[in-house]
Amino acid sequence: QVQLVESGGGLVQPGGSLRLSCAASGSIGSIYVTSWHRQAPGKERELVATIPSGGSTNYADSVKGRFTISRDNAKNTVYLSMNSLKPEDTAVYYCYAMIVPRLSRTPRDYWGQGTQVTVSS
């Protein structure tokens, strides 16, 4: 059983910063691509940032220069550092990972439960 657990969301004023964490636990063989997504009320879920197991990161245009995705492979954890936050960044943030469970050769999609980020004065 593999689980993704997010933490770090909350209420922050415009211009502030937050750091989200997503820890994978359970029977993990290999973690391939990981990413952060967000969904604002009344809107579709959108991709925020992606980081593969090796290679360069990618960001949505709306967060470039403000958000940074990183991962600690030893801890099976992916982070999203968010700076210069704006009210339009308000959303539920979800982490995603493509993971091959231990004793399996099939990669599977896993999602976290989501963490609320609210940017408001």
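Structure data summary
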read-out	value
Selected from PHE67, SER120, THR57, residue furthest toward positive end of dipole (the chain; charges at beta carbon)	THR57
Probe 1.4 Å - accessible area at TYR59, Å² to nearest ten	60 Å²
Karplus (6.51, -1.76, 1.60) ³J(HN,Hα), θ = phi - 60°, over the range 2-12, in Hz, Gly and Pro reported as x	10, 10, 10, 10, 9, 7, x, x, x, 9, 9
Under 19 Å from the Cα of LYS86 - lysines, other chains or at least 8 residues apart	LYS43, LYS64
Low-density loop cleavage sites - trypsin sites (Lys or Arg not before Pro) in the range 1-54, where at most 16 other Cβ are within 10 Å (DSSP)	LYS43, ARG45
Sulfur and carbon atoms: percent of accessible area, the chain [1.4 Å]	47 percent
For the range 1-70: relative contact order, % (alpha-carbon pairs under 8 angstrom, 6 or more apart)	21 percent
Positive-pole candidate from TYR110, LEU47, GLN1, dipole of the chain, charges at beta carbon	GLN1
Assigned charges on the beta-carbon of Lys, Arg, Asp, Glu; the chain dipole about Cα centre (debye)	260 debye
Relative contact order (percent, whole number), the chain, Cα cutoff 8 Å, 6+ residue spacing	37 percent
The chain - accessible surface per residue (Å², probe 1.4 Å)	54 Å²
Largest-first ordering by accessible area, 1.4 Å probe, given options VAL5, VAL33	VAL5, VAL33
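The values are calculated or read from the model by the stated rules, or taken from the named source; none is laboratory data. On a predicted model such as this, the values are computed, not experimentally measured, just so you know. Cβ coordinates were reconstructed from backbone atoms using ideal geometry, including for glycine residues, and neighbour counts include every protein chain displayed. Just the protein is used for accessible areas: all its heavy atoms, side chains included, with ligands, DNA and RNA removed. Shrake-Rupley method; radii C 1.70, N 1.55, O 1.52, S 1.80 Å.
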